[in-house]
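Reviewing the structure listed below.
What follows is calculated from the coordinates using simple rules that are stated; it is not laboratory data. Because the structure is predicted, anything quoted here is derived from the model rather than measured. Backbone-built Cβ (ideal geometry, glycine too); neighbour counts: all protein chains shown.
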Amino acid sequence: MSKREHWSGRILFILAAAGSAIGLGNLWKFPYISWANGGGLFVLLYIFFIILLGLPIMISEIAMGKATGTGPAGAFRALGGQKTPFRFVGYLGVATALLLLSYYSVVAGWSLEYTAKAIGGEFESIPPAKLEQLAQSEAGIQALQTKALKQEIAFATDSQKEEILRDSGLLQANLRDDEMQILFRNSAEKIPALLLEKGKADEWGTIFLNKVQSSEDFVAWRQEALKPLHSDTMFADFLSDKTKLITWHSVIMLITILIVAGGIKGGIENAMKIFMPLLFIIIIFLTINSLLLDKEQEGLRFLLWGDPSRFSAKSIVEALGHAFFSLSLGMGVMITYGSYMGRGNHAVKDSIWIVSADTFVSISATLMIFPIIFVYGMQPTSGGAGILFTALPLELVKFPGKSLFVFIFYILVFIAAITSAISLIEVVVTYLIDEKKMKRYHAALSAGIFIYLLGIPSALWISGFFTRLDFLVSNILLPFGGLLIAIFAGWVAEQKAIENEFHAKGIPAWTFAVYRFVLRIITPVLFAAVFGHLLLSAG
Ligand code: PFF
């Protein structure tokens, strides 16, 4: 085999595995749950779980697949004996895949709705009727007042600022000069926030809004001021449009079935070579753009320190669960992918690449979204479940090409989602082919239709059904699948096959001992602590 072929094989494996790992979990879910759990500590814990549990379990899954050359069920038997009870982990994986894909497909559908909206130019301007309606609404009036307030205060002189504060009873008689200076620094943010706190924002907002209203460019100003609110209501309207949600869910499942049944995966793999780098480039570009936009670095600060009041015992379980979700672990997907791995690949080194790429995309996604939320003064509803869709278009339309850029971005989200969806349905399809002796297209069709029907309640009751199902899958089923795999790889499986993977250039020999200790002891103890804590705090 020539050197070049060897490399393209190795990279293809990494691309396929990273394609499964990188998906809605990174772009949609991680920013959203980090937001809901108050950033900071949550993000730190997530990274801790990724390194401590995610990496060793990723290595285990890939090594098991590579060593046995078979999917989950076969891999457990080959390494643990024909009658090993661990072969049931395979069934758990199939059940988890069915449930996960049922709602994953619904969210993947959102990306198609947004590409359709981009084609319709819906992000470029607010239609006149909608604009009037927003401007009259309570939230709209408030958005306009706040924007007027911030803008005018940014231009005000220090003595005007002082007057506003005195009039509002916010200034004690004799503040020292330096204290005044502190208050006036970043005054465009701080003073409106103070006024809001004291219930004086309305009064001053009205005064400033009247002033802005008489200016020439008020029409354009109002368009701009209402865009963040428009973005939010657009998303909320879409979520209440059941027909659209079901339609997109159907389209996604249809595409997934066609790809898996037709075996056009070769095409997907080639496409990945183009789309994955493109996704990386766009994400890096948008992250830099957002960081530059956010002069106060509020987004970055939220990621690093956040709001501890939103952190709870449940947050720990969510950080743990999401480490598995994001890396596609705990279901046997990586065992399956590992089984196609070439001899030129190393489970350990490749795992490091996949885990790093996945974590990089997650962190970047938060850094491209959070700053926009702060700069535009958005108020994400439903715990922030829509921030990938509500925040980004505001910036995306500003680049040359306007809607085209929005379109490209959401198409990439869609592709990232589809490459993960394929890996999910493949778990079920492989099971049906191997154990039920079905034909591939038959298996893909039956699995697809079943998952489609299972997903309908998620499409209809987004908040209740959907979030509970996601909690069950991400935070219970996947981690427990992962725990069982860790116990199997650490205690039960024949060690030679896995140990071989640690005999690679650049991997010190002692790492295998650490790896095994983590699987055997740390993982079960950590699970007992985290879930024990959750049960205690819930009870
Ligand atoms: N890792 C995927 C994501 O982050 O979007 C989701 C996923 C795919 C989870 C495959 C589990 C899985 F087996």
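For region 411-539, what class follows from the C-alpha gyration tensor (a ≥ b ≥ c being the square roots of its eigenvalues): rounded when a/c is under 1.5, otherwise prolate if a/b is larger than b/c, else oblate? Please report the intermediate quantities before stating the final value.
On the way: a/c = 2.18, a/b = 1.34, b/c = 1.62.
Judged from the Cα gyration tensor, region 411-539 comes out oblate (a/c at least 1.5, b/c at or above a/b).
Between rounded, prolate and oblate, where does region 205-263 land on the alpha carbon gyration tensor, with a ≥ b ≥ c its root eigenvalues, rounded for a/c under 1.5, else prolate if a/b exceeds b/c? The partial results should precede the final answer.
Numbers: a/c = 6.46, a/b = 3.74, b/c = 1.73.
Prolate shape, in that a/c is at least 1.5 and a/b is the bigger ratio.
Only helices enter this figure: runs of n ≥ 4 DSSP H residues, each worth -39500 (n - 2.57), summed and divided by the residues of the chain, yield -23500 deg cm²/dmol at 222 nm to the nearest 500. Against the main long axis of the alpha-carbon atoms of the chain, helix 201-213 sits at an angle near 80°. What's the longest uninterrupted piece of the chain once you rule out the GluC sites (Glu not before Pro) that are loop residues per DSSP with at most 15 other Cβ within 10 Å? It works out to 297-493. Axis angle, to the nearest 10 degrees, between helix 88-119 and the longest C-alpha principal axis of the chain: 40 degrees.
Annotation note: trypsin sites (Lys or Arg not before Pro) in region 443-527 located in DSSP loop regions with a Cβ neighbour count of at most 15 within 10 Å are 505.
Beyond 23 Å in Cα-Cα separation lie the following of the pairs 244/314; 29/190; 29/117: 244/314; 29/190. Just to confirm the number: angle between the C-alpha axis of helix 265-293 and the first principal axis of the chain, 0 to 90 degrees, nearest 10? Taking Cα atoms only, the helix is inclined about 30 degrees. Of all aspartates and glutamates in the structure, the ones whose alpha carbon falls short of 16 Å from that of residue 402, not counting any fewer than 8 places away in one chain, are 122, 124, 224.
At what distance in angstrom do the alpha carbon centres of region 357-392 and region 306-324 lie from each other? After rounding, the separation between the Cα centres reads 17 Å.
Within the chain, the longest run free of chymotrypsin sites (Phe, Trp or Tyr not before Pro) that sit in a DSSP loop with at most 16 other Cβ atoms within 10 Å is 1-304.
What percent does the relative contact order of the chain come to when contacts are Cα pairs within less than 8 Å and at least six residues apart? It rounds to 38 percent for the chain. Panel note: the C-alpha atoms of the chain, placed on their principal axes, show extents of 81, 53, 49 Å (largest first). Converting phi to 3J(HN,Hα) with the Karplus coefficients 6.51, -1.76 and 1.60 and the offset θ = phi - 60°, region 123-138 yields 8, 6, 8, 8, x, x, 5, 5, 4, 4, 4, 5, 4, 7, 6, 4 Hz in sequence order, with x at every glycine or proline. Loop-located trypsin sites (Lys or Arg not before Pro) in region 240-314 (DSSP state other than H, G, I, E, B) with a sparse environment of at most 16 neighbouring Cβ atoms within 10 Å: 295.
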